[in-house]
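This report concerns only the one structure given below.
The values are calculated or read from the model by the stated rules, or taken from the named source; none is laboratory data. Predicted model only: the values in this text are computed from it and were never measured. Ideal geometry is used to build each Cβ from the backbone, glycine not excepted, and the neighbour counts take in all protein chains shown.
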Amino acid sequence: MEMDLIQIKSLKTYFFQGKGLLSKLFGQGLKIVHAVDGVSLTIKKGHTFGIVGESGCGKSTLCNTIFRLVEPLEGKIIFQGRDVVKMDQKNLREFRQKAQMIFQDQFGCLNPRRTAGQIIAEPLTIHQADNRGKEDISLKVAELLEAVNLDAEAAAKFPHEFSGGQARRIGVARAIALNPDFIIADEPTSGLDISTAATILNLMQDLQERLDLTYLWISHNLNQVKYMSDDIAIMYLGKIVETGTTADVFENLAHPYSQALISVIPQIRKKDGKSKIILEGEIPSPITPPSGCRFRTRCKYASKKCKEEEPALIDLGSGHYAACHLLGSN
Amino acid sequence: MIRRKGREVSNILLDVWNLCVEYNLAGKRMQALDDVSFKVKKGEVLGVAGESGCGKSTLGLAIIRLLPSVGEIADGSIRFMGRNLVKLSEQQMDEEIRGKHIAMIFQNPQSALNPVFKIETQMIDILRFQSKHRKSKAKMSRKELRQQAIQQLKETGIADPAERISNYPFEFSGGMKQRVIIAMALSSETSLLIADEPTTALDVTIEAQINKLIDKLAAEYGTSILYITHNLGVLSEMANRIMIMYAGRIFEMGRTQSVLGDPRHPYSAALLESLPGHYTKGKRLLSIPGFVPPLDQLPSGCSFHPRCPFAEEICRQQVPTLNEVSNGHWSACLLDQQRGRQKWKWI
Amino acid sequence: MTTTVANNGQAQQKTRVSFKIPLRVTLEEATRAILRNREGWIGSVLVAMMLVTAILGPFVFPIDPNEQDIANRFASPSGSHLLGTDYLGRDLLARLIYGCRIAMSVAFGSIFLSAIVGVILGVTSGYMEGSKLDYAIILVFDIVRSFPQVVLALAIVAVLGCSMINLILALAFTAFPFYGRIARAQTLSVKESDYVKAAEVLGLRRMKIVFRHIIPNILTPVIVCLGLDLATMIIYEAGLSFLGLGVRPPTASWGIMLRNGYKYIETSPWMLLWPAVAISLSMIAFSLFSGGLRVALDPKERQRSV
């Protein structure tokens, strides 16, 4: 029986703009960015859960909320039985040893004035669980560098001396330093070349096997998400529109947005002769999301019901869900 | 499939021969492009693929003569419409070639638009410059230019162009900005469009829209496209022919299906095996050992040989040239040229 | 470095890494970087000359700046008095050298004091953006800044009395809001960086984040400002002393020398010329030096120029 590592229930994170006096006087007043608007998902231990979505879908905010870098408005994040949202500072610190993050900007997440070795050693010095001395930390850093296939000499170099792929690996080494159970990988191969990206994907897989890691894999590269993920969720404007195992979802794309999104993945060897579904219009703003179904403004099947009523996630069997009124009848 | 088929692709529009570009950085001479030769036919889409540092962006900039001050065209010729672009003066390039017959669009739409001017100001500015150097047409009034700009915006699919033209760039999304750029770049006179990663910074669904737009307009105006990107998937759908570059040289060139379906060069084969494609987790991807050499420390002979498991002594000694190994298919691998069709299996 | 560790009867080689770049190497690189570019080179040499003069000069130079020699007053430069004498027959070169010490002390003292206070307040305010503390600190900055610097310094010295310490305190007080503002602005952008987020995700406590991640990354504009302000402070010291509200006579300060020289401008141009040259030279020196310093302090730029 596979264990659930994380359960997210109806998570909502909103950002409030225009609270100040000037905005009230001259601007349009309070604006609410519905960044994450009722997201629920379950991540099984040892699995990779992929999240796919475009700008404004809320995937970055979701990551930040899981770590309580921003506070959610409502909802639960149950990690190993405890609700992260309600954790106090002490428990939060413990949580942050078990859950780590790999950031999208591989250079931005490294302090430019510290050496790679200092950066990787930081989690070890913060959580001096075994009261490690300098010797031990130094040894551990060497181990970590080796685990990500970097030379020992890298420890004395500054971030700007590394290539994109190497900087990414420093971030990975830092993330695994405390043997976490869960890692959120936010666009881990963005900005990397094809062969460098392949190296990172192989590395992440190896580490997952060796260290029994669970991943939340966020990417807009659909090929990559399909490759890496066991389960997948497709997000649009703060909501999950479709979710299920990767195999199920890609086999039977139910939601019109998923269908369009998958159809436009540039493929070198097309398996099927399906034509592209090219969506019209722009992605709406999360400040004023469309009423009812948020995708209706770009959906060719949109009907009156789509405008009035927000679709709930419909069970299509074996854990495959999609939020579309058109599926209700089947 | 977006690729155009069955079009008149007869005459040669662009003929690049032995192009060599060097950069002078901090006293070091770096060979950014070495002996690059290829042709672009009228109406075709030629894809330029490769990883960072291979010189594909440099190639685009060299053709339109917009290399940074530290770069220079050291050798070679770029024949376009009967003239050698390398030999033209800056003024000639400005008035006769750039923005008129050859246009270029870049990756980052925000950096291409001036944030403090309205869209209409920027578009009219360019249209006015272009009309000034058109000997045939009379000088157009501001109103006429504005109408022309609105028409251009309409053709690139921007809704309510008459209203939106008075917006500032920050009021447009990334995709819309790129449409504005395309509107400014492409006209019926554009013979060659150089597109340097035009959709890399955009979301996937918007990327599809923009590529569709580029293709549609180019087909309408009969424009050839030099599409520069690292995304082989996009090229497989948009390009008639494709060339793969590495460390300033062309390694392989030919029809898209040939190169991507039957790669003759080990590097091309390696790139294809590094992509997740239809695989799932568990199938290890190819990770090419080693790293791309810095341009001032290129290896002897074939610059790929230190990383190539198939390399032999000749690869270390002789610099390969691009030769036609089968009909329309060119490869710069010595072993391939000598022994014929090889199946380069990396894993 | 490898250490052999016995593990289950098998000797294992474990590699130890050293990831701290020794201070020596950093200083070497920084020095090389400053000297690499022309303005840094000239600036460094001049600043070094001035510091040496300020520190050693009074010990080494034989003539007493306060020794009067009425018979020889208003003397032009000669063998015994290399720069001439003033209206009381005091050697101008000696007064210039002692004045250099005063100028350097006041400049460095006041600048470092204001920078430290300003940065601490600015970083606190920036990190706690939006809080009452932030608004309070900004208010303090704005109030102090709204006074013209020289006038404020004058007022403080007038209240506290003329002395070098008071002058340093007064000048520091007029300058700290500028450093505070710079530090605050930088902090606002740095605290949004991914590496600060990464540190929060790792569970680093707030104070440590400020010292380890924020402060090192906001210092560059502060230090550049510092370099330029050193020049400014020399002018202020001279100005206030000129007005009689700086260092107390008969102490030799460039400002006092200007004051005296100005009175006797028709009798002896030398009395005015030398302090003016000294002040100009010191301003040029610090401007050039601060330019070179900026390049030297940025690890990226440093690598590029070395």
Some residue of segment B:24-40 being over 25 Å from B:ALA270 (Cα atoms) and assigned to a helix (DSSP H, G or I): no
Selected residue [surrounded by fewer than 17 Cβ atoms within 10 Å (Cβ to Cβ) and more than 30 Å from C:ASP69 (Cβ to Cβ)] from C:LEU139, C:LEU113: C:LEU139
Some residue of segment C:175-192 being buried (at least 21 other Cβ atoms within 10 Å of the Cβ), more than 16 Å from C:VAL119 (Cα to Cα), at pLDDT below 95 and not basic (Lys, Arg): no
Residue under evaluation A:GLU146, criteria (1) in a helix (DSSP H, G or I); (2) more than 15 Å from C:VAL17 (Cα to Cα), criterion not met: (2)
Scan of segment A:290-311 for residues that are exposed (fewer than 14 other Cβ atoms within 10 Å of the Cβ) and either in contact with a strand residue (DSSP E or B) (Cβ under 9 Å, 6 or more places away or on another chain) or among the aromatic types (Phe, Trp, Tyr) (or both), ordered by number: A:TYR301
Criterion violated by A:GLN104 - all others in (1) outside any helix (DSSP H, G or I); (2) surrounded by fewer than 22 Cβ atoms within 10 Å (Cβ to Cβ); (3) at the interface with chain C (Cβ under 7 Å from one of its Cβ atoms) satisfied: (3)
Some residue of segment B:128-142 being surrounded by 21 or more Cβ atoms within 10 Å (Cβ to Cβ) and touching a Ser or Thr at 6+ places or on another chain (Cβ under 8 Å): no
Cβ pairs under 6 Å, 6+ apart, first in segment B:31-53 and surrounded by fewer than 19 Cβ atoms within 10 Å (Cβ to Cβ), second part of a strand (DSSP E or B) and acidic (Asp, Glu): B:LYS39/B:ASP15
Residues (more than 21 Å from A:GLY164 (Cβ to Cβ) and in contact with a helix residue (DSSP H, G or I) (Cβ under 6 Å, 6 or more places away or on another chain)) located in segment B:257-278: B:LEU260, B:PRO263, B:ARG264
Total residues in segment B:93-114, condition more than 20 Å from the chain's Cα centre (by Cα) and modelled with pLDDT of 90 or more: 2
Residue list for segment B:46-84, filter: over 23 Å from B:ASN24 (Cβ atoms) and in a loop (DSSP other than H, G, I, E, B): B:GLU51, B:MET81, B:GLY82
Segment C:68-90 residues that are touching a residue at least 24 places away in the same chain (Cβ under 8 Å), paired with ones that are surrounded by fewer than 18 Cβ atoms within 10 Å (Cβ to Cβ) and not in a loop (DSSP other than H, G, I, E, B) (beta carbon under 8 Å, 6 or more apart): C:TYR87/C:LYS263
Residue among A:ILE262, A:ILE287 that is crowded, with 17+ Cβ neighbours inside 10 Å, touching a residue at least 40 places away in the same chain (Cβ under 8 Å) and under 22 Å from the mean Cα position of the chain (by Cα): A:ILE262
A:TYR236 vs. criteria among the aromatic types (Phe, Trp, Tyr), within 19 Å of the chain's Cα centre (by Cα), over 23 Å from A:THR61 (Cα atoms) and within 14 Å of another protein chain (Cβ to nearest Cβ): no
Residue within segment A:189-203 that is surrounded by fewer than 20 Cβ atoms within 10 Å (Cβ to Cβ), over 30 Å from B:GLY233 (Cβ atoms) and touching a residue at least 12 places away in the same chain (Cβ under 8 Å) present: no
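Across segment B:254-279, which residue is surrounded by the most Cβ atoms within 10 Å (Cβ to Cβ) among those that are among the aliphatic types (A, V, I, L, M) and within 9 Å of chain A (Cβ to nearest Cβ)?
Taking segment B:254-279 and keeping what is among the aliphatic types (A, V, I, L, M), we get B:259-260, B:269-272, B:275.
If we keep only those that are within 9 Å of chain A (Cβ to nearest Cβ) as well, we get B:260, B:270-272, B:275.
On the way: B:LEU260: 24, B:ALA270: 24, B:LEU271: 27, B:LEU272: 20, B:LEU275: 22.
My answer is B:LEU271.
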Failed item, numbered, when C:ASN66 is tested on (1) at pLDDT below 90; (2) within 26 Å of C:ASN166 (Cα to Cα); (3) surrounded by 22 or more Cβ atoms within 10 Å (Cβ to Cβ): (3)
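Conditions (1) surrounded by fewer than 22 Cβ atoms within 10 Å (Cβ to Cβ); (2) within 20 Å of the chain's Cα centre (by Cα); (3) facing chain A (nearest Cβ under 8 Å), marked per residue:
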{"site": "B:THR205", "(1), (2), (3)": "no, no, yes"}
{"site": "B:ILE214", "(1), (2), (3)": "no, yes, no"}
{"site": "B:ILE225", "(1), (2), (3)": "no, yes, no"}
{"site": "B:ASN231", "(1), (2), (3)": "yes, yes, yes"}
{"site": "B:TYR246", "(1), (2), (3)": "no, yes, no"}
{"site": "B:GLU252", "(1), (2), (3)": "no, yes, no"}
{"site": "B:PRO293", "(1), (2), (3)": "yes, no, no"}
{"site": "B:LEU298", "(1), (2), (3)": "yes, no, no"}
Any helices (runs of 4 or more DSSP H) falling wholly within segment B:223-328 and containing at least 1 residues that are within 27 Å of A:ASN221 (Cβ to Cβ) and of a type outside the set (Phe, Trp, Tyr): B:232-238, B:256-261, B:266-273
Pair list, Cβ < 9 Å and 6+ apart or interchain, from segment A:134-162 residues that are more than 9 Å from every other protein chain (Cβ to nearest Cβ) and in contact (Cβ under 8 Å) with a residue 60 or more places away in the chain to residues that are in a helix (DSSP H, G or I) and of a type outside the set (A, V, I, L, M, F, W, C): A:ALA147/A:ASP206; A:ALA147/A:ARG210
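Answer yes or no: is there a residue in segment A:210-221 that is over 19 Å from the mean Cα position of the chain (by Cα), modelled with pLDDT of 90 or more and either of a type in the set (Gly, Ala, Ser) or crowded, with 19+ Cβ neighbours inside 10 Å (or both).
Narrowing segment A:210-221 to residues over 19 Å from the mean Cα position of the chain (by Cα): A:210-211.
Adding the requirement that they be modelled with pLDDT of 90 or more leaves A:210-211.
From the residues that got through so far, the ones that are either of a type in the set (Gly, Ala, Ser) or crowded, with 19+ Cβ neighbours inside 10 Å (or both) too are none.
There is no residue in segment A:210-221 that is over 19 Å from the mean Cα position of the chain (by Cα), modelled with pLDDT of 90 or more and either of a type in the set (Gly, Ala, Ser) or crowded, with 19+ Cβ neighbours inside 10 Å (or both).
Based on what the data block shows, is A:SER190 modelled with pLDDT under 90 and touching a strand residue (DSSP E or B) at 6+ places or on another chain (Cβ under 9 Å)? Explain how you work it out, then say what you get.
Details: modelled with pLDDT under 90: yes; touching a strand residue (DSSP E or B) at 6+ places or on another chain (Cβ under 9 Å): yes.
Here the answer is yes, as A:SER190 does meet what is asked.
Output the residues belonging to segment B:191-222 that are part of a helix (DSSP H, G or I) and closer than 20 Å to B:LYS42 by Cα. Even if it seems obvious, please write down each step before you answer.
If we filter segment B:191-222 for residues that are part of a helix (DSSP H, G or I), which is where we start, we get B:204-221.
Hits for segment B:191-222 are B:ASN211, B:LYS212, B:LEU213, B:ILE214, B:ASP215, B:LYS216, B:LEU217, B:ALA218, B:ALA219, B:GLU220, B:TYR221.
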Matching residues in segment A:199-233 - criterion: being in a loop (DSSP other than H, G, I, E, B) and among the aliphatic types (A, V, I, L, M): A:LEU213
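Can you give me the number of residues within segment C:209-268 that are in a helix (DSSP H, G or I) and among the small types (Gly, Ala, Ser)? Quick ask: steps written out before the conclusion?
First pass over segment C:209-268, keeping only residues in a helix (DSSP H, G or I): C:209-242, C:254-263.
This time we only want the ones that are among the small types (Gly, Ala, Ser), so: C:227, C:231, C:238-239, C:241, C:255, C:261.
The number of residues fulfilling the criteria is 7.
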